[in-house]
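Structure, as structure tokens:
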Amino acid sequence: QVQVVESGGGLVQPGGSLRLSCAASGSIFSIYAMGWYRQAPGKQRELVAGITMGGSTNYADSVKGRFTISRDGAKKTVYLQMNSLKPEDTAVYYCNVDGNRRYYWGQGTQITVSS
């Protein structure tokens with residue numbers, strides 16, 4: 001089995017910060033990339049940030065300069081540092097793993113940005 005587990009979500013005020021983590025475990029090999037997606041009510045799931053195992057990153061325009069994605073040396077854990085959070089960042093955030101020539105998804109973690 002393959003497990004993808006997110007943690008670090010919660011409620012935060014506008015302008016605040018949160019740090020998400022995602023750990024992949026189990027029978028997963030040859031990971032190409034890991035990333036974070038989010039889905040707000042009534043919205044399509046969208047890519048927030050991604051990182052390849054070689055270190056290349058990409059971000060949605062809406063989060064550039066505010067969010068930073070990173071990975072550990074083992075390359076099975078990825079983090080998303082979120083600063084200067086806005087109400088429009090409110091969504092369920094999902095970790096995605098591109099490995100074994102397929103995608104694996106976490107359960108999702110709720111982030112609510114509200115005053």
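With open to solvent by less than 70 Å² (accessible area, probe 1.4 Å) and of a type in the set (D, E, K, R) as the only criterion, which of Glu88, Glu46, Glu6 stands out?
Answer to the selection: Glu6.
Can you pull out the residues in the range 1-29 that are under 15 Å from Thr68 (Cα atoms) and small (Gly, Ala, Ser)?
First, pick out the residues of the range 1-29 that are under 15 Å from Thr68 (Cα atoms): 8, 16-22.
If the condition is that a residue be under 15 Å from Thr68 (Cα atoms) and small (Gly, Ala, Ser), then Gly8, Gly16, Ser17, Ser21 are the ones that fit.
Does at least one position in the range 50-63 carry a residue that is more than 19 Å from Trp105 (Cα to Cα), open to solvent by less than 20 Å² (accessible area, probe 1.4 Å) and in contact (Cβ under 8 Å) with a residue 24 or more places away in the chain?
Yes.
Is it the case that some residue within the range 65-72 is closer than 20 Å to Ser114 by Cβ, among the hydroxyl-bearing types (Ser, Thr, Tyr) and open to solvent by 60 Å² or more (accessible area, probe 1.4 Å)?
No, the range 65-72 contains no residue that is closer than 20 Å to Ser114 by Cβ, among the hydroxyl-bearing types (Ser, Thr, Tyr) and open to solvent by 60 Å² or more (accessible area, probe 1.4 Å).
Let's see how each residue does on (1) closer than 24 Å to Ser115 by Cβ; (2) open to solvent by 40 Å² or more (accessible area, probe 1.4 Å); (3) in contact with a strand residue (DSSP E or B) (Cβ under 8 Å, 6 or more places away or on another chain); (4) of a type outside the set (S, T, N, Q):
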| position | (1), (2), (3), (4) |
| --- | --- |
| Phe29 | no, yes, yes, yes |
| Ser84 | yes, yes, no, no |
| Val92 | yes, no, yes, yes |
| Arg101 | no, yes, no, yes |
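So which pairs qualify, if the first residue must be in the range 95-115 and touching a residue at least 24 places away in the same chain (Cβ under 8 Å) and under 28 Å from Leu11 (Cα atoms), the second must be among the acidic types (Asp, Glu) and surrounded by 13 or more Cβ atoms within 10 Å (Cβ to Cβ), the Cβ gap must be under 8 Å, and the two must be at least 6 apart or on different chains?
Cys95/Glu6; Gly106/Glu6; Gln107/Glu6; Gly108/Glu6; Thr109/Glu6; Ile111/Asp89; Val113/Asp89
Among Gly15, Gly73, Gly50, which is more than 15 Å from the chain's Cα centre (by Cα) and at pLDDT 95 or above?
On inspection, the qualifying residue turns out to be Gly15.
Scan the range 9-27 for residues that are aliphatic (A, V, I, L, M), out of contact with any Cys (no Cβ under 9 Å at 6 or more places or on another chain) and open to solvent by less than 60 Å² (accessible area, probe 1.4 Å) and jot them down.
Val12, Leu18
Are any residues in the range 1-26 more than 13 Å from Tyr79 (Cβ to Cβ) and free of Cβ contacts under 8 Å to residues at least 60 places away in the same chain, and if so, which ones?
Within the range 1-26, Gln1, Gln3, Ser25, Gly26 meet the criteria.
The values are calculated or read from the model by the stated rules, or taken from the named source; none is laboratory data. If you're wondering where the values come from, they're calculated on a predicted model, not measured in any experiment. We place every Cβ from the backbone using ideal geometry, glycine too, and count neighbours over all the protein chains shown. Just so you know, the surface numbers come from the protein's heavy atoms only, side chains and all, with ligands and any DNA or RNA stripped out. Shrake-Rupley method; radii C 1.70, N 1.55, O 1.52, S 1.80 Å.
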